[in-house]
1. Using only helices, what value at 222 nm comes out for the chain when you add -39,500 (n - 2.57) per DSSP H run of length 4 or more and divide by the total residues, to the nearest 500 deg cm²/dmol?
2. Under the rule of at least 5 residues apart or a separate chain, name every residue whose amide H is placed under 5 Å from the amide H of S31.
3. Given +1 on the Cβ of Lys and Arg, -1 on the Cβ of Asp and Glu, and no further charges, what dipole in debye does region 140-275 carry about its Cα centre, rounded to the nearest 20?
4. Would you look at the GNM of the chain, springs on alpha carbons closer than 10 Å, and say which of A268, A202, A73 moves the most?
5. List the residues, sorted by chain then number, that are 5 or more residues from F326 or on another chain and whose placed amide H is less than 5 Å from its amide H.
6. For region 1-70, which GluC sites (Glu not before Pro) are in a loop by DSSP, counting at most 16 other Cβ atoms within 10 Å?
7. Using Cα centres only, tell me the gap between region 56-89 and region 287-349 in whole Å.
8. In whole Hz and in residue order, list the ³J(HN,Hα) couplings for region 268-285 that follow from phi through the Karplus curve 6.51 cos²θ - 1.76 cosθ + 1.60, θ = phi - 60°; x for Gly and Pro.
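FYI, it's all coordinate maths here, none of it is from the lab. Computed from a prediction, not measured in an experiment: that's the story for all the values here. Here the Cβ positions follow ideal geometry from the backbone for every residue, glycine too, while neighbour counts run over all protein chains shown.
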Amino acid sequence: ASAEKGGFDSFMEKEIFDQPAAVADTLLGRSDAFGRLTLDELRITPEELASVTKIVVLACGTSAYGGSVAKYAIENWCRIPVEVELSHEFRYRDPIVDSNTLVVSISQSGETMDTLMAVRYAKEQGAKTLSICNTNGSTIPRESDAVLYTHAGPEIAVASTKAFLAQITATYLLGLYLGQLRGNLFSGQIKDILADLGKIPAKIQDILDRAEDIKELARSMKDTESVLFLGRHVGYPVAMEGALKLKEIAYIHAEGFAAGELKHGPIALIEQDKPVFVVVPSPRGRDSLHSKVVSNIQEVRARGAKTLVIAEEGDESVREFAEFVFYVPETPVLLMPLLATVPLQLFACELATAKGLDVDQPRNLAKSVTVE
Ligand code: G6P
């Protein structure tokens, strides 16, 4: 088993380190030399896709956070409304879907029963169904009208890591493809975004090369009982995913919040030495976004929080309010989740290891939940 883990202590850690390849392989062969998306494998005609008026993303767990990230990019690029819903909530509320709705399911395993049932229901209602899946020939892609596989390779650890980054990559390809088909994006824009996506694997590698910085922090926090995660915009689902990882494998109470929601409740939780991760958007993006998150750091810091910041390289403005800063390489705002998630995965993995837990087989959880 140790050989299968490639020298790492756990499959989870190995899979975190597989992420440059997971993203690169998911991008591979899906665009041509002119920067045009070539998703011919989709089994759904360009005309059908061009007529879509609404997208509904259905998923559970980590995959649902992948969908939440995708919403920002697809709405921005394609101007199509995107709803993201947990599969098990979707079916029971008489959702509004029709033949112009594209239901995108996201599932690493392709076997999650809740998601399968939601896809079947959507199909019965006449929606077009597209599966983003990591497992060839599994049930959800077989039952969907179209499939776009993620190429993360087999994921063994129960807590999902590389599949998540591959899912974000695949939904971004889908968003660019829709933008191309519908004429929302110019070819030059698509080419630029593809080029930025192409640089992501090396940037993830840069983070992995500095893994020890975040691991050291994790070890120092192994007796922590509760951690909060704040993020805004695409940093919000990243915060949710960071919290989920910690719950799943380290059995620590963790909650992710939209940073703007802080003052509407969660700030009451802040007390002396409370660890709070804050995912800070790029200062090069929408200006107000960055400064608002920086003021959120100040707000929790003023109330005694131990502020742990994930920020973009070169962002010096966060230093004076942060107990700890981990810098991720520069990238366009929408692509930041592909980088900012990585240190949070490493943090959870190392903290659970330091607690002596079996990170690959957390209690009470299954890799694939095939019951409703
Ligand atoms: C289980 C796993 C999670 C996973 C979720 C969805 O709960 O423990 O890691 O995110 O199922 O799985 P799927 O295979 O549909 O992506």
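1. Calculated from helices alone, the mean residue ellipticity at 222 nm is -14000 deg cm²/dmol.
2. Sorted by chain and number, the residues that satisfy this are T38.
3. Rounded to the nearest 20 debye, it is 340 debye.
4. A268
5. For F326, whose amide H was placed from the backbone, the distant partners under 5 Å are V309, I310, A311.
6. Within region 1-70, the qualifying GluC sites (Glu not before Pro) (loop, at most 16 other Cβ atoms within 10 Å) are E4.
7. That distance is 24 Å.
8. Once rounded to whole Hz, the list reads 5, 7, 6, 9, 3, 6, 5, x, 10, 7, 10, 8, 9, x, 4, x, 7, x.
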